[in-house]
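First the structure, in the form of C-alpha cells, and then the observations on it.
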Amino acid sequence: MAGIPSLNVLEAKTAADRDTGEYVANNDSPPLSGQLLTNSLPPLYQLEDERTVTLLETPGIYQIYVAVYRQSDGIRLDVNNSAETLVPIGVIQVE
C-alpha cells in the first residue's frame, strides 16, 4: 500500500514503579519470538503475544507498559499519532 512504510519492529514490555516512575524491568523481543515478519503485515494487523517481565522482589505497585519500536534505530513508534510511545496495559502489586 503506497505511503505506508515497511518496518521491522520489536516489542518492549516494561515495568515501572507506579510511585516513582523508575523503570525496574524490561523484556524486548520481536513479535511471536521472531516468527512474524512485521515488515509485511497489512495496516491495523492485530496479534496476541504472551511475554514475561521478571520483577524485583521489592514490594510495590508496578505499571506494565508495551511499546513498539523500529529495529533499525531503536526509535519508539508513536501511539495513535500522539507524542506517547508507551501504552499502559496493567498493574502488578508485589507484596
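Here, each number is a calculation from the coordinates, and none is a lab measurement. None of the values given here were measured: they were computed from a predicted structure. A quick note on method: Cβ atoms are made from the backbone with ideal geometry, for glycine too, and the neighbour counts reach across all protein chains shown.
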Dipole of the chain, positive end: most advanced residue of Ile64, Pro31, Leu86 [Cβ charges, Cα centre]: Pro31
For the chain: relative contact order, % (alpha-carbon pairs under 8 angstrom, 6 or more apart): 32 percent
The chain - convex hull of the alpha-carbon atoms, volume per residue in Å³: 111 Å³
Summed side-chain charge close to Ile64 - residues other than Ile64 whose Cβ falls under 12 Å, Lys, Arg +1, Asp, Glu -1: +2
